[in-house]
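What follows is calculated from the coordinates using simple rules that are stated; it is not laboratory data. Everything quoted here is computed from the prediction, not taken from an experiment. Positions of Cβ are backbone-derived with ideal geometry, glycine not excepted, and every protein chain shown enters the neighbour counts.
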Amino acid sequence: MGFNFDLSQVDHLLSTTRAVRKRLDLTRPVPRDLILDCIRLATQAPAGQNIQKWRWLVVDDPKMKEGLADIYRKAYQPYIDYQKKMVDKVGRTDASGIMESSDHLANVLQDVPALVIPCGLDRISTDAIPANFAGYYGSLLPAVWSFMLACRSRELGTAYTTLHLNYEKEAAELLGIPDTVTQLALIPVAYYTGDDFKPAKRLPVEKVTYFNGWKNTL
């Protein structure tokens with residue numbers, strides 16, 4: 001049985017979907033219909049028992065975006081201060097670009113055309129066993145990644161962020177999200193500027209893959 005996928009294109013999509021921060025185009029509106037197209041594809045992702053508990057909150061109102069950006073920055077500053085101290089402590093030389101792009105996103109988040117908050121319709125107990133946590137998030141996050149891939153294929157940049165969840169209740173109050181709903185992330189969505197993206201540097205697959213036992217590379 002054959003498939004008509006262009007593997008070179010598929011592989012390019014999978015290997016070049018990056019976290020986009022500095023290259024988000026803050027001047028070009030993103031049509032709601034385009035975001036809906038991406039969500040429509042995302043809802044084809046697998047879900048446990050095929051119970052589709054995801055919901056998608058698209059925020060494009062300037063005041064709402066400003067409120068979310070303020071919440072994000074309140075969590076961001078102590079986080080990034082700690083990260084910068086750790087970078088200085090261990091002497092990493094490759095982190096400055098990441099820190100700079102993270103700072104940029106925090107500063108301009110309110111100007112991004114759309115902020116998408118994927119949600120789950122219920123909440124998992126904080127004392128749940130690992131299998132329950134894995135099942136819960138495993139039924140929701142594949143759709144989030146599919147959304148980001150769909151955005152990438154339509155020349156939209158995204159970044160998976162979670163810092164606003166330190167103040168999840170404040171975001172819920174701002175947006176009218178019920179207490180029974182779990183926010184999963186906050187994803188800025190915008191057209192990206194510049195040329196195409198390249199695959200990132202990663203460890204060789206042979207170093208991160210084991211067969212039939214932990215650290216067994218044979």
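Numbers below:
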{"read-out": "Residue list for the stretch 161-178, restricted to those being in contact (Cβ under 8 Å) with a residue 12 or more places away in the chain and either in contact with a Gly (Cβ under 9 Å, 6 or more places away or on another chain) or not hydroxyl-bearing (Ser, Thr, Tyr) (or both)", "value": "163, 164, 165, 166, 168, 170, 171, 174, 175, 177"}
{"read-out": "Residues being under 17 Å from residue 120 (Cβ atoms), of a type in the set (A, V, I, L, M, F, W, C) and surrounded by 12 or more Cβ atoms within 10 Å (Cβ to Cβ) - total across the stretch 36-57", "value": "7"}
{"read-out": "Pairs with Cβ under 7 Å, 6+ apart, first in the stretch 135-146 and under 14 Å from residue 117 (Cα atoms), second of a type in the set (Lys, Arg) and not in a helix (DSSP H, G or I)", "value": "140/53"}
{"read-out": "Residue ID - nearest to residue 109 (Cα to Cα), chosen from residues in the stretch 143-161 that are touching a helix residue (DSSP H, G or I) at 6+ places or on another chain (Cβ under 9 Å) and surrounded by fewer than 20 Cβ atoms within 10 Å (Cβ to Cβ)", "value": "160"}
{"read-out": "Qualifying residue in the stretch 3-24 (condition: part of a strand (DSSP E or B) and surrounded by 12 or more Cβ atoms within 10 Å (Cβ to Cβ))", "value": "yes"}
{"read-out": "Positions within the stretch 25-35 being surrounded by fewer than 17 Cβ atoms within 10 Å (Cβ to Cβ) and within 11 Å of residue 112 (Cα to Cα), in sequence order", "value": "26, 27, 28, 29"}
